[in-house]
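Student: The structure's right below; bear with me while I get my questions together.
The values are calculated or read from the model by the stated rules, or taken from the named source; none is laboratory data. Since the structure is predicted, the reported quantities are computational estimates derived from the model, not experimental observations. Here the Cβ positions follow ideal geometry from the backbone for every residue, glycine too, while neighbour counts run over all protein chains shown.
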Amino acid sequence: MCGIAGFTGPDVAPDRARPLLERMIRTLAHRGPDGYGFHTEPGIGLAHARLSIIDLATGDQPIHNPRRTVWTVFNGEIFNFVELRDALEADGAVFYTRSDTEVIVHLYDRYGDAFVEHLNGQFAIALWDGERRRLVLARDRAGIRPLYFTREGGRTWFASEVKALQAVVPQTATLDPLGIAQTLTYWAPADPDTVYAGVRSLPPGCVMAIEADGREHTHRYWDWEFPDAADTSPATFRSVEHAAAELRELLIDAVRLQLRADVPVGAYLSGGLDSSGIVALIRGFTDTPVRTFSVAFEDAEFDESAHQQQMVRHLGTEHTTLHCTARDIGEAFPRFVRHAEVPVLRTAPVPLMLLAGDVRRAGYKVVLTGEGADEVFGGYDLFKEAKVRRFWARQPDSTWRPRLLERLYGYLGNSPVRSPAFAQSFFGQGREYLDRPVFAHVPRWTTSMRALGLLSPDVRAQLRDWNPFDAYEATLPAGIMGWSPIARDQYVEAKSLLAGYLLAAQGDRVAMANSIEGRFPYLDHRLIEFAAKLPPSYKIRGLDEKYLLRRALVGLLPADILQRTKQPYRAPDSRSFFVDGAPLDYVAELMGADALREAGLFDAAAVGRLFDKCRSGRATGFADNQAFVGVLSTMLLHRQLRDRASPADGPAVAAAVPALAVA
């Protein structure tokens, strides 16, 4: 795990490139505290900040091919590098390191841009082909590792985080109203958009090539693909038992590959099915010792420590528990926003950032997590909710069909199913989207986008013609309506919440804030492809979620953990920012009328009313809490960008870019 940065263009001269590369990569020191590496030649500059995990002795980047014509820096891991290396050496390749990075340049020599199709891993790659004078950028299939780019002065600049771009292209430190609106609706910007003017994200599963003549082309080499619902070909699986056995073997191999490291490996243990399954597979099918880590809360609504301790006893792991209070979250929130670089609607990432600090202090650099199982195997209440809503829509006058919704959200203290009348009103919205791909997400996004009403009149005017549902559907595959309903729901969830929020703000950024690498066995692309072929009843049977995954883990987990209903990981939201009714100092300042008017992003009077509601403890449901956290995190981001672009630094940074034009 590392940080990468660089740029390409016709006027990049090596002697001018190095100072700019150093300026960029130093902003990413938290991603790679173990050393820096650089490569410059006419037309290219590459920089790398290393977190040493594999090949500690000779794995420094950039890495080159034998002829030194191809160079690469990359962030992440290639889990199948051992098998790839063996095959390449059998074909005559000669390696000079033991690192996973070196397989990238050898594969490119043989397969060109198709090299990514051979990789099983999580990665953001920058590769320079010196003979053809072309830059190739690639991102892993699920979007685990980030990669951003911008264009300025005829050059393309790229980096693992936006702060590295802002170090040399200061105009990118401007918030984009559309990106903010997308985040307040979908929980994250919609790739390739970001919340920064002129900055783009390379979408998951994509390769972008910039040729010597400046031509640029991007292609998607992989995507979540589901069979057509009308497909009448023979069944892929003979039985549930056959599918469960195949799934278990895939899980074992995914875990085995992701344990590869030359440093100790830990694991998160939430007490739920997903993380417990990962640790059980490690204990049952490998010789790797594993240390486990978890978060406990003082509020029983969020706390899962009883289930965590049950799994610790069952598996016999050495365990560390972080006891997190609401005040801990509020005080750590500004640091989290600096690392996330994006507004958020929940505080849940903050305890994970604090937990990653405990992991680092315990001497670990790598943790395996259970993220991705819900998206891959149909675990969220959203999927069950959509199933009930479709069933209800076939008889909209039925009084008993919507009562099935009462079986959901039992873990919420203020549940939307607390009364039948409220449930019918809340979940009945969006029926007009029944035959559209975003149907399942309409209630969630409608709740979130209530925060758009807090935007200032000027910002709302800029968004006048933006329809969030139409806009998101424009990004989806043309044939998506031919898939089963749950497949459509899974695809939208994987592209919006998983890639945009969970793997970013709640995954990569909070771990790397502490120089920790998270690994996600459930997102091994072979598992995703396997699960995509499953019949819908193998994912949700009745209203029992992740049916096949539970079958695959039988015998490895205690029965009550195996049968436990999904409880999403959550943390206290707006109340984390008040102590006995008094706001934390930075909260009072940023949510005050003067700061809000200075930023120009939100309506000060409307935010003031929400602030008073949350301060008095009258915030109810997700809408108020998400809006409060969304406004506060946006204001923090605005202030951090303003402070970073201080008069002392601004002119020097701005002057650095034009200097490159002198070759």
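Student: Hey, among Asp34, Asp11, which residue is at negative phi and in contact with a Ser or Thr (Cβ under 8 Å, 6 or more places away or on another chain)?
Tutor: Answer to the selection: Asp34.
Student: Among Thr325, Thr321, which is farther than 22 Å from Gly121 by Cα, modelled with pLDDT of 95 or more, surrounded by fewer than 20 Cβ atoms within 10 Å (Cβ to Cβ) and out of contact with any strand residue (DSSP E or B) (no Cβ under 6 Å at 6 or more places or on another chain)? Don't jump to the end; show me each part of the working.
Tutor: Details: Thr321 fails: out of contact with any strand residue (DSSP E or B) (no Cβ under 6 Å at 6 or more places or on another chain).
None of the others qualify; the one that does is Thr325.
Student: Can you tell which of Arg98, Arg85 is touching a Ser or Thr at 6+ places or on another chain (Cβ under 7 Å), over 20 Å from Leu46 (Cα atoms) and in contact (Cβ under 8 Å) with a residue 12 or more places away in the chain?
Tutor: On inspection, the qualifying residue turns out to be Arg98.
Student: Which one of Ala487, Ala471, Ala451 is surrounded by 15 or more Cβ atoms within 10 Å (Cβ to Cβ) and over 30 Å from Ala599 (Cβ atoms)?
Tutor: Sole residue among the options that is surrounded by 15 or more Cβ atoms within 10 Å (Cβ to Cβ) and over 30 Å from Ala599 (Cβ atoms): Ala487.
Student: Can you say whether Val136 is touching a helix residue (DSSP H, G or I) at 6+ places or on another chain (Cβ under 7 Å) and either closer than 27 Å to Val342 by Cα or not assigned by TED's automatic domain parsing to the domain that holds Trp71 (or both), as far as the supplied structure shows? Steps first, answer last, please.
Tutor: Working: touching a helix residue (DSSP H, G or I) at 6+ places or on another chain (Cβ under 7 Å): yes; either closer than 27 Å to Val342 by Cα or not assigned by TED's automatic domain parsing to the domain that holds Trp71 (or both): yes.
In short, yes.
Student: Here's another thing I want to ask about it. Filter the range 150-162 down to the residues that are more than 15 Å from Val136 (Cα to Cα) and either in contact with a strand residue (DSSP E or B) (Cβ under 6 Å, 6 or more places away or on another chain) or crowded, with 23+ Cβ neighbours inside 10 Å (or both) and list them by number.
Tutor: Passing the criteria: Glu161, Val162.
Student: Taking only pairs six or more apart or across chains, which ones have beta-carbon atoms under 8 Å, a first residue in the range 631-658 that is under 17 Å from Ala197 (Cα atoms), and a second residue that is surrounded by fewer than 14 Cβ atoms within 10 Å (Cβ to Cβ) and at pLDDT 95 or above?
Tutor: Matching pairs, first to second residue: none at all.
Student: Report whether or not Pro62 is closer than 21 Å to Arg133 by Cβ, under 26 Å from the mean Cα position of the chain (by Cα), modelled with pLDDT of 95 or more and assigned by TED's automatic domain parsing to the domain that holds Arg132.
Tutor: It is true that Pro62 is closer than 21 Å to Arg133 by Cβ, under 26 Å from the mean Cα position of the chain (by Cα), modelled with pLDDT of 95 or more and assigned by TED's automatic domain parsing to the domain that holds Arg132.
Student: Taking only the range 226-279 into account, find how many residues are surrounded by fewer than 22 Cβ atoms within 10 Å (Cβ to Cβ), in a helix (DSSP H, G or I) and of a type in the set (Gly, Ala, Ser).
Tutor: Qualifying residue count for the region: 2.
Student: Separate question: Suppose we filter the range 177-203 for residues that are of a type outside the set (S, T, N, Q) and not in a loop (DSSP other than H, G, I, E, B); how many remain?
Tutor: Filtering the range 177-203 for residues of a type outside the set (S, T, N, Q) gives 177-181, 184, 186-193, 195-200, 202-203.
So of that shortlist, the ones also not in a loop (DSSP other than H, G, I, E, B) come out as 177-181, 184, 186, 196, 199-200.
Adding up the residues that qualify gives 10.
Student: Right, here's the next one. If the requirement is being at pLDDT below 95, assigned by TED's automatic domain parsing to the domain that holds Arg139 and of a type outside the set (Phe, Trp, Tyr), which of these qualifies: Gly205, Gly214?
Tutor: None of the others qualify; the one that does is Gly214.
Student: Anything in the range 280-299 that is in a loop (DSSP other than H, G, I, E, B) and charged (D, E, K, R)? List them, or say none.
Tutor: Correct list: Asp287, Glu298, Asp299.
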